[in-house]
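Asks: Submitted below is the structure of interest, expressed as structure tokens.
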Amino acid sequence: MVVPIFSLKLNNKICSRTVAIGKYDGIHPCLTAATLAGKVFIHNPHQKYSFSGVGRTDNDSNVVDSNLSLLNINSTISSLTTGSLDLSIENELLFIGTKTNMLAYDVHNNTDIFYKDVN
């Protein structure tokens, strides 16, 4: 019999083929997925994030769950993956693609690596 280890209630629908697991701190795996509302959620039960403006929010103002972070992309997300641009760095980056843009984001340091318009 299969027994779940944990359950996660998102209150958001997930886009198909936009789920990835990344080690943004270089050690702990985090579940990452795009929602139909143009947001990316990152579930990390290993670490509590305290980024300004990042976190599951209630009415976009109060952090409700510090295990779940939401990144607002404000565009339909067509692709999402994780990886590294430099193999000497252990932290993985989050790569988000929309129909017109490509974003490389460092989740651990809460910084954009690059943002490019694509056609």
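The values are calculated or read from the model by the stated rules, or taken from the named source; none is laboratory data. Given the structure is predicted, the values throughout are model-derived calculations rather than measurements. Counting neighbours? That spans all protein chains shown, and the Cβs are built from the backbone with ideal geometry, glycine included.
Asks: List, please: which pairs have Cβ atoms under 6 Å, are six or more places apart or on different chains, and start with a residue in the range 102-115 that is within 16 Å of Lys39 (Cβ to Cβ) and outside any strand (DSSP E or B) and end with one that is at pLDDT 95 or above and of a type outside the set (Gly, Ala, Ser)?
Replies: Listed pairs, sorted by first residue: Val107/Tyr24; Val107/Leu94.
Asks: Quickly run through the range 1-38 and pick out the residues that are surrounded by 18 or more Cβ atoms within 10 Å (Cβ to Cβ) and either assigned to a strand (DSSP E or B) or modelled with pLDDT under 85 (or both).
Replies: Listed by number, the residues that qualify are Cys15, Thr18, Ala20, Gly22, Cys30, Thr32, Ala33, Ala34, Thr35.
Asks: Being under 18 Å from Val19 (Cα atoms), of a type in the set (Ser, Thr, Tyr) and without any contact (Cβ under 8 Å) to a residue 40 or more places away in the chain is the filter here, so list the residues in the range 79-101 that pass it.
Replies: Scanning the range 79-101 gives Ser84, Thr98.
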